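Have a look at the structure below before the remarks.
Read-outs: derived from the displayed coordinates by stated rules, not from any lab. These numbers were taken from a predicted model, which means no experiment stands behind them. So basically every Cβ, Gly included, is an ideal-geometry build from the backbone, and we count neighbours across all protein chains shown.
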Amino acid sequence: MAKGRIVVDEGLCKGCELCTTVCPKDVVHMAMDRLTPRGYHPATLIDPQGECTGCAICAVICPDVAISVYRWVPAAKEAEAVRASA
Ligand code: SF4
Ligand code: SF4
């Protein structure tokens, strides 16, 4: 399964929590220990087991386009092995 991670732009996040309601892995939480420059608790990735798949649902629902999604892409050799075993 694809692996991913997100980066939240805390200058854009307004703490609405929408992203926390849609993550299928429940790995987006609000950081209650800090505030953004505008005074909101920002969304953050809590993902100790690396469960983020990079599905980007959180980024799509974010009304302020505050989330960037990065997906792990297999290197060429690994991709060939995946194709060969398929
Ligand atoms: S990219 Fe998908 S799995 Fe990762 S944090 Fe966002 S909604 Fe959750
Ligand atoms: S949906 Fe966007 S603005 Fe709302 S908490 Fe998540 S990152 Fe912040």
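Treating only the Cβ atoms of Lys and Arg (+1) and Asp and Glu (-1) as charged, compute the dipole magnitude of the chain about its Cα centre; round to the nearest 20 debye. Numbers along the way, then the final one.
Details: 9 positive and 10 negative charges, 38 e Å.
Rounded to the nearest 20 debye, it is 180 debye.
Compute the signed sum of charges (Lys and Arg +1, Asp and Glu -1) over the other residues within less than 14 Å, Cβ to Cβ, of CYS58. Please list the in-between numbers first.
On the way: positive: ARG5, LYS25, ARG71; negative: ASP9, GLU17, ASP26, ASP47, GLU51, ASP64.
Surrounding charge for CYS58 is -3.
In nm, give the distance between the simple-model label positions of LYS3 and SER68, each being 7 Å from the Cα along the Cα-to-Cβ direction.
With each label placed 7 Å out from Cα toward Cβ, I get 2.0 nm.
Which distance in nm do the two modelled labels at THR21 and ALA76 give, with both placed 7 Å along the Cα-to-Cβ direction?
Going by the 7 Å Cα→Cβ label model, 4.6 nm.
Tell me, what HN-Hα J-couplings in whole Hz come from the Karplus equation 6.51 cos²θ - 1.76 cosθ + 1.60 at θ = phi - 60° for each residue of the stretch 63-72, using x for Gly and Pro?
Whole-Hz 3J(HN,Hα) from phi for the stretch 63-72: x, 10, 6, 8, 10, 9, 10, 10, 10, 6.
Toward the positive end of the charge dipole of the stretch 4-85, about the Cα centre and with charges on Cβ (Lys, Arg +1; Asp, Glu -1), which of ALA56, LEU18, PRO74 goes farthest?
In the stretch 4-85, that residue is PRO74.
Let me know the shape class of the chain, please: from the alpha-carbon gyration tensor, a ≥ b ≥ c as square roots of the eigenvalues, rounded when a/c is under 1.5, otherwise prolate if a/b is greater than b/c, or oblate.
On the way: a/c = 2.78, a/b = 2.61, b/c = 1.07.
Judged from the Cα gyration tensor, the chain comes out prolate (a/c at least 1.5, a/b above b/c).
Within the set of other residues whose C-beta is less than 11 Å from the C-beta of ALA43, count the net charge using Lys and Arg as +1 and Asp and Glu as -1.
Working: positive: LYS14; negative: ASP9, GLU10, GLU17, ASP64.
The answer is -3.
Considering amide H positions built from the backbone, and no H for Pro or chain starts, which residues 5 or more places from ALA43, or on another chain, come under 5 Å of its amide H?
Residues meeting the criterion, in which the H sits 1.01 Å from N, are GLY15, ALA31.
Isolated Cys in the chain by the 4.7 Å beta carbon test?
Singleton cysteines: CYS13, CYS16, CYS23, CYS52, CYS55, CYS62.
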